[in-house]
Structures are given as C-alpha cells and as structure tokens.
1. Tell me which cysteines of the chain come out unpaired when the rule is another cysteine's Cβ under 4.7 Å.
2. Going by average Cβ neighbours within 10 Å, how do the peptides 76-85, 3-12 rank, with the highest at the top?
3. Among Pro26, His5, Pro50, whose Cα sits farthest toward the positive end of the charge dipole of the chain (+1 at Cβ of Lys/Arg, -1 at Cβ of Asp/Glu, about the Cα centre)?
4. Taking the Cα centre as origin and putting +1 on Lys and Arg beta-carbons and -1 on Asp and Glu beta-carbons, what dipole magnitude results for the chain, to the nearest 20 debye?
5. According to the square roots a ≥ b ≥ c of the eigenvalues of the Cα gyration tensor, what is the shape class of the chain, taking rounded for a/c under 1.5, prolate for a/b larger than b/c otherwise, and oblate for the remainder?
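None of the figures in this text is laboratory data; all of them are computed from the coordinates on show. What you see is a predicted model, and the numbers here were worked out from it, not measured in a lab. No Cβ is skipped: glycine too gets one built from the backbone with ideal geometry, and neighbour counts run over all protein chains shown.
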Amino acid sequence: MICQHSSCQAAGSEKVLFAFQVGNLPPNTIVMSTGCQGQCSSGPTVRILPEETWYCRVKVTDIPAIVEEHLKQGKPIKDKFNPRIHQFDFDDT
C-alpha cells in the first residue's frame, strides 16, 4: 500500500508506486495506492501487509531491496522502518 496523499506525492510517492507496479514482484503480490495513512511527515509511506511493516521516506532506489529482501526473502529492511510505528523493532547490534 503506497500513500498517494498530497504530502507523500510531494515527496515522490507517485514514482514509488510506479516502480512497484513495474517491478519484478513475487506472484500474488498486489500493489495498491491509498489515501493518507497518517504519516505525512515521513512520506512516502509504504505499508506491507499482512505483517504490518511500515516503511518511511521510501525512494525509487529503495524498491529493488524491498522487493528482493522483504517480499521475496521475508527479511524486512529495518533501516527503512518507520520509527513511529516500529519503535521497538530495532536491534542494538
């Protein structure tokens, strides 16, 4: 789910949405745009379901890693986590 509210669009969410749409996604992956997800100060916001992973400040250059590591290998990219949502999901290592 990629936010397309005006604040996320100003930060480039339309390009992020397009990059996901044309990316080499795993089968049965659905890409959808959403309205505001309430994270305007940290957009573009990308939310991965069903595990509720929230990525913030996503750039087109982040998409290949999100697809390969998270969507295909099941390894979320912690340095792109939204810290407001995932405040307890960070390692000290």
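1. Cys36, Cys40, Cys56
2. Per-residue Cβ counts within 10 Å, averaged per peptide and sorted highest first, yield 3-12, 76-85.
3. Of Pro26, His5, Pro50, it is His5.
4. That gives the chain a dipole magnitude of about 260 debye.
5. oblate
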